[in-house]
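The values are calculated or read from the model by the stated rules, or taken from the named source; none is laboratory data. Everything numeric here is computed off the predicted structure, so don't read it as measured data. Cβ placement follows ideal geometry from the backbone for every residue including glycine, while neighbour counts extend to all protein chains displayed.
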Amino acid sequence: MKTRTSPPHRSTSRAFTLIELLVVIAIIAILASMLLPALARSKTKAQGILCLNNGRQMTLAWKLYTDDFNEKVPQSYGPNAWVQGNMDLNAANRSNWDIDQDLKKSLLWPYCGAAAGIWKCPADRSTVRVAGVLRPRVRSIAMSGWFDSTDVAGFGPTGMRIYKTMNDVVDPGPSMTWVFIDEREDSINDGEMIVGMNGYPDAPAQWKIVDYPASYHGGAGGLSFADGHSEIKKWLDGRTMPPLKKGAELALNVASANNRDVLWLMERTTRKVK
């Protein structure tokens with residue numbers, strides 16, 4: 001009796017051709033080009049949320065300080081400044097990279113839970129090279145110069161309100177008066193950021209940018225206000241966001257006529273004493 005045998009099994013698998021591989025690579029590249037911007041936006045949004053929280057935490061520390069000192073606010077600049085030291089791009093300057101140099105000696109350090117991270121926007125990637133090692137700079141925030149600074153008077157007409165106590169924060173009021181702001185890495189120096197008030201509100205030819213706000217969040221920067229809330233402000237004028245040149249500091253106190261961002265900041269800074 002004869003038996004029927006099956007033919008040997010043939011493998012149907014085969015290798016990809018070069019064209020097929022190129023098509024797959026092209027599809028992956030297209031998908032990556034679609035996903036990466038979305039991931040970048042998600043990262044920017046997450047950093048913005050953390051920046052908002054940092055601003056709230058610093059303002060809470062500031063408010064706790066004023067509660068302990070009969071509503072007297074710390075100076076933004078002067079012998080009783082909230083933080084001493086001067087930021088720059090010099091690695092020999094420990095104020096840039098050592099929290100022991102200034103931050104731990106700050107008037108607000110006892111009130112911020114020893115949290116050095118809230119002193120710097122998470123999107124600020126500025127560094128200095130110390131003994132061959134890149135060290136992140138420790139501070140990006142500055143306080144409004146109109147909080148009891150010793151050198152702000154010349155940046156506005158006579159009679160502008162300089163806040164010395166919480167009771168002075170009446171016009172434009174706590175919810176409209178910013179206290180802390182993230183300042184650009186190539187602008188930040190001492191502990192204050194000055195918004196010049198010359199020309200406010202109706203002489204735009206006189207408006208200036210004295211110090212530059214940061215724009216790390218997709219052209220926006222963080223601020224916190226005397227009532228405790230914080231905001232991320234989208235800047236609208238390109239002059240507020242000049243290109244960053246690594247290793248170079250910006251020229252400060254420059255004319256910026258008709259700059260909507262300057263007006264926005266002035267509206268939230270101070271007023272003439274009535």
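When the range 102-115 is filtered for residues that are surrounded by 15 or more Cβ atoms within 10 Å (Cβ to Cβ) and either over 24 Å from residue 249 (Cα atoms) or more than 21 Å from the chain's Cα centre (by Cα) (or both), the ones remaining, listed by number, are 106, 107, 108, 109, 111, 112. Restricting the range 72-118 to residues that are assigned to a loop (DSSP other than H, G, I, E, B) and of a type in the set (Phe, Trp, Tyr) leaves a set whose member that is farthest from residue 152 (Cα to Cα) is 97. With respect to (1) surrounded by 21 or more Cβ atoms within 10 Å (Cβ to Cβ); (2) touching a Pro at 6+ places or on another chain (Cβ under 9 Å), the lone exception for residue 150 is condition (1).
Please state which one of 130, 138 is more than 17 Å from the chain's Cα centre (by Cα) and modelled with pLDDT of 95 or more.
Going through 130, 138 in turn, the sole match is 130.
Scan the range 23-35 and tell me whether some residue there is within 30 Å of residue 231 (Cβ to Cβ), assigned to a helix (DSSP H, G or I) and at pLDDT below 90. Looking through the range 23-35, at least one residue is within 30 Å of residue 231 (Cβ to Cβ), assigned to a helix (DSSP H, G or I) and at pLDDT below 90. For the range 45-100, which positions are of a type in the set (Asp, Glu), over 18 Å from the mean Cα position of the chain (by Cα) and over 20 Å from residue 148 (Cα atoms)? 98, 100 - these are the residues of the range 45-100 that are of a type in the set (Asp, Glu), over 18 Å from the mean Cα position of the chain (by Cα) and over 20 Å from residue 148 (Cα atoms). Please verify whether residue 223 is in contact with a strand residue (DSSP E or B) (Cβ under 9 Å, 6 or more places away or on another chain) and surrounded by fewer than 20 Cβ atoms within 10 Å (Cβ to Cβ), treating the condition exactly as stated. No, not satisfied.
Only one residue in 170, 138, 179, 195 is part of a loop (DSSP other than H, G, I, E, B), within 20 Å of residue 262 (Cβ to Cβ) and of a type in the set (A, V, I, L, M), so which one is that?
The match here is 195.
Taking the condition farther than 23 Å from residue 255 by Cβ, modelled with pLDDT of 95 or more, in a loop (DSSP other than H, G, I, E, B) and among the aromatic types (Phe, Trp, Tyr), does residue 163 pass? Explain how you work it out, then say what you get.
Numbers: farther than 23 Å from residue 255 by Cβ: yes; modelled with pLDDT of 95 or more: yes; in a loop (DSSP other than H, G, I, E, B): yes; among the aromatic types (Phe, Trp, Tyr): yes.
Criteria met by residue 163.
With the condition kept exactly as written, say whether any residue in the range 207-215 is assigned to a loop (DSSP other than H, G, I, E, B) and free of Cβ contacts under 8 Å to residues at least 40 places away in the same chain. I'd like the intermediate steps shown before the answer.
We begin by selecting, within the range 207-215, every residue assigned to a loop (DSSP other than H, G, I, E, B); these are 207, 210-212, 214-215.
Of the ones still in play, those that are also free of Cβ contacts under 8 Å to residues at least 40 places away in the same chain are 215.
For the range 207-215, residues assigned to a loop (DSSP other than H, G, I, E, B) and free of Cβ contacts under 8 Å to residues at least 40 places away in the same chain: present.
The one condition from (1) of a type in the set (Lys, Arg); (2) in a loop (DSSP other than H, G, I, E, B); (3) in contact with a Gly (Cβ under 8 Å, 6 or more places away or on another chain) that residue 246 does not meet is (3).
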